[in-house]
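A quick write-up on the structure given underneath.
Each reported figure results from applying straightforward, stated rules to the coordinates on display, with no laboratory input. Keep in mind the model is a prediction, meaning the values are calculated, not measured. Using ideal geometry, Cβ is built from the backbone for each residue, glycine included, and neighbour counts are taken over all protein chains shown.
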Amino acid sequence: MVNFNQFLKQAQQMQKKMEEMKSRMAVTEFHGKSGGDLVSLSINGEGQLKSISIDSSILKPEEKELVEDLIIAAFSDAKNKMEADSQSQLTSSLGGMGMPPGIKLPF
């Protein structure tokens with residue numbers, strides 16, 4: 001028979017760990033690059049764009065589309081790193097249990 005009080009205690013501990021992880025992620029920055037470092041940017045653990053750097057060599061009117069594509073690629077790179085780190089921390093916090101397939105956290 002399942003000890004309901006112990007189950008609730010474990011659920012509260014897991015919730016506390018997830019809140020701590022969310023707080024850590026909010027202040028962690030992830031850096032993305034594209035185009036051989038021509039475009040780089042930083043996002044926080046909530047996916048908000050914090051900074052962007054564009055090499056002056058690609059700031060020509062005829063290169064506008066290229067620059068836009070490089071920004072999107074750099075953002076995607078940083079966001080992928082953020083998501084991988086988030087999943088890694090979650091797995092670590094839950095003692096290797098992880099989340100069921102297809103379930104993602106809201107941050």
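For segment 52-79: of the residues being part of a helix (DSSP H, G or I) and acidic (Asp, Glu), which is surrounded by the fewest Cβ atoms within 10 Å (Cβ to Cβ)?
Across segment 52-79, the extreme among qualifying residues is Glu62.
When you scan segment 7-51, how many residues do you find that are surrounded by 12 or more Cβ atoms within 10 Å (Cβ to Cβ), over 23 Å from Gln87 (Cβ atoms) and over 17 Å from the mean Cα position of the chain (by Cα)?
Qualifying residue count, segment 7-51: 3.
For segment 26-66, which residues satisfy the criterion of being farther than 12 Å from Lys79 by Cβ and among the β-branched types (Val, Ile, Thr)?
Scanning segment 26-66 gives Val27, Thr28, Val39, Ile52, Ile54, Ile58.
How about segment 28-51: which of its residues are assigned to a loop (DSSP other than H, G, I, E, B) and of a type in the set (A, V, I, L, M)?
Leu38
Please identify the pairs in which a residue from segment 30-46 that is closer than 19 Å to Glu65 by Cβ has its Cβ atom under 6 Å from the Cβ atom of a residue that is part of a loop (DSSP other than H, G, I, E, B), counting only partners at least 6 apart or on another chain.
These pairs meet every condition: Leu38/Asp55.
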